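Notes to accompany the following structure.
The values are calculated or read from the model by the stated rules, or taken from the named source; none is laboratory data. Computed from a prediction, not measured in an experiment: that's the story for all the values here. Backbone-built Cβ (ideal geometry, glycine too); neighbour counts: all protein chains shown. These area figures cover heavy atoms from the full protein model, side chains too; ligands, DNA and RNA do not enter into them. Shrake-Rupley method; radii C 1.70, N 1.55, O 1.52, S 1.80 Å.
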Amino acid sequence: MRTQVAIIGGGPSGLLLGQLLATRGIDCIILDRQSRDHVLGRIRAGVLERGFTDLLEEAGVADRMKREGFVHDGALISYGEEAFRIDFKALTGHAVTVYGQTEVTRDLYEARDRIAGQTIHDAEDVVIHDADSNAPFVTFKVGDQSLRIECDVVAGCDGFHGVSRTTIPADRRQAFEKVYPFGWLGVLSRTPPVNHELVYASSDRGFALCSMRNTNLSRYYIQCDLSDRPEDWTDAAFWQELKRRIPAAQAANLVTGPSIEKSIAPLRSFVSEPMRWGRLFLCGDAAHIVPPTGAKGLNTAASDVHYLFEGLTQFFATGQTTGIDSYSARALARVWKAERFSWWFSSLMHRFPDQSAFDLRMQQAEIAFLRSHESAQRAMAENYVGLPY
Ligand code: FAS
Ligand code: PHB
């Protein structure tokens, strides 16, 4: 097989890049080691920045998101019983769209079907060869068949556990990592959201987040110990703990119900530099991870795709390489700002096991400053709705 761009990974990064490339007539083949159903079975992000929704529009995949997504002009921040709203719209002129990553991925797959884009699932033993040459190629297996794709470029969109990042020789890359001493226990329930906007809650018992997917599908998270397993938490125990972490006024409105999904995600900040090696370009979780507190994971994958799409469009149209040569630096400049915001918001809202009395006073002072200073709220809002690409 031969294509212009071999995309490793059929998650949101790979699918969005493939859809954008198709708008410029650039051919690609997408490989994923899982089945489509497995990919669509993942429950992950829920909030889209304006840059992401603009990209979906540019890719011609925004119709359902515009119909079914919820535009949120703000969010509630609570600290114990105190609560205040950050008005994104008033502070920045922008809002966010609440529309699950699962639905984004579904829309991207259906759009790819409409253009008969080649997507190979259940691809095993994917190996990227000669990435530092002008003629890279990818080998892989499907069943007992050994296959090979000749290409001009490889896009590594295969997430944190993929093969792309480690294709770059260890002495040519540098990792930066912070592992948080807690995780998020997430529950999905067919219940109405507790509030019309998201509630980010910090309490003496730890962090909680009240989110949603639609008017009868709610997504809740509570900070949990890394030693916890989903099966350690009954639904009743989860709902009781969530009620203890959000303001009483919200808890009184909470409609509980059976969990239809329950999972624990560890929290980490991670960046691997550079995001390019020869003709291999890393996008999304393959290059960086953020704690989900600031809803930046999926959204930073989108800005990577935007920069790479611009560079590849120029390269295939003119042979010029200024766009792909500047890709890693441009993408990392925005990645690190997302890392900073995600680290700041996670440090502000979670309880840390080794927190001193002074640390607690610093959190309370930071919350008080955010609550009382419009400049602090504007800075937070600008990061949350998405910094410019
Ligand atoms: P993905 O990991 O989504 O996709 C990578 C794809 O590559 C997968 O389909 C995988 O099967 C495939 N792949 C892997 N190895 C391969 C190989 N060797 N060969 C071929 N294919 C391979 N972000 C938020 O903003 N908010 C959240 O609440 C949130 N919650 C999350 C919860 C969890 C448990 C996880 C893991 C992440 C969460 N994220 C969240 C971040 C998440 O949304 C990612 O940022 C987003 O999935 C990034 O998309 P991709 O870069 O496409 O990577
Ligand atoms: C979600 O709805 O899954 C979600 C929303 C906002 C976040 C993290 C997760 O910051």
Sole miss for residue 45 among (1) hydrophobic (A, V, I, L, M, F, W, C); (2) in contact with a strand residue (DSSP E or B) (Cβ under 9 Å, 6 or more places away or on another chain); (3) open to solvent by less than 40 Å² (accessible area, probe 1.4 Å); (4) within 16 Å of ligand 2 (Cβ to nearest atom) is condition (2)
Residue check: is residue 164 touching a strand residue (DSSP E or B) at 6+ places or on another chain (Cβ under 8 Å) and open to solvent by 80 Å² or more (accessible area, probe 1.4 Å)? no
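Which residue out of 146, 133 is open to solvent by 20 Å² or more (accessible area, probe 1.4 Å) and assigned to a strand (DSSP E or B)?
146
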Looking at region 224-234, can you tell me whether even one residue there is more than 26 Å from the chain's Cα centre (by Cα), away from ligand 1 (no atom under 15 Å from the Cβ) and open to solvent by 60 Å² or more (accessible area, probe 1.4 Å)? yes
Can you work out which of the residues in region 83-130 that are more than 29 Å from residue 161 (Cβ to Cβ) and of a type in the set (D, E, K, R) is most open to solvent (accessible area, probe 1.4 Å)? 114
Here the qualifying pairs (Cβ atoms under 7 Å; residues six or more apart or on different chains; first in region 98-127 and closer than 30 Å to residue 212 by Cβ; second among the acidic types (Asp, Glu) and more than 13 Å from ligand 1 (Cβ to nearest atom)) come out as 99/68
Given the criteria among the polar types (S, T, N, Q), in contact with a strand residue (DSSP E or B) (Cβ under 9 Å, 6 or more places away or on another chain), part of a loop (DSSP other than H, G, I, E, B) and crowded, with 16+ Cβ neighbours inside 10 Å, does residue 293 qualify? no
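I need the full set of residues from region 77-118 which are assigned to a strand (DSSP E or B) and among the acidic types (Asp, Glu), in order please.
Listed by number, the residues that qualify are 82, 87.
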Subset tally (residues that are more than 19 Å from residue 350 (Cα to Cα), small (Gly, Ala, Ser) and touching a Ser or Thr at 6+ places or on another chain (Cβ under 8 Å)) for region 247-277: 2
Based on this model, can you work out whether residue 132 counts as on the phi > 0 side of the Ramachandran plot and away from ligand 2 (no atom under 16 Å from the Cβ)? no
So, of the residues in region 261-290 that are assigned to a helix (DSSP H, G or I) and open to solvent by less than 40 Å² (accessible area, probe 1.4 Å), which turns out to be nearest to residue 131 (Cα to Cα)? 286
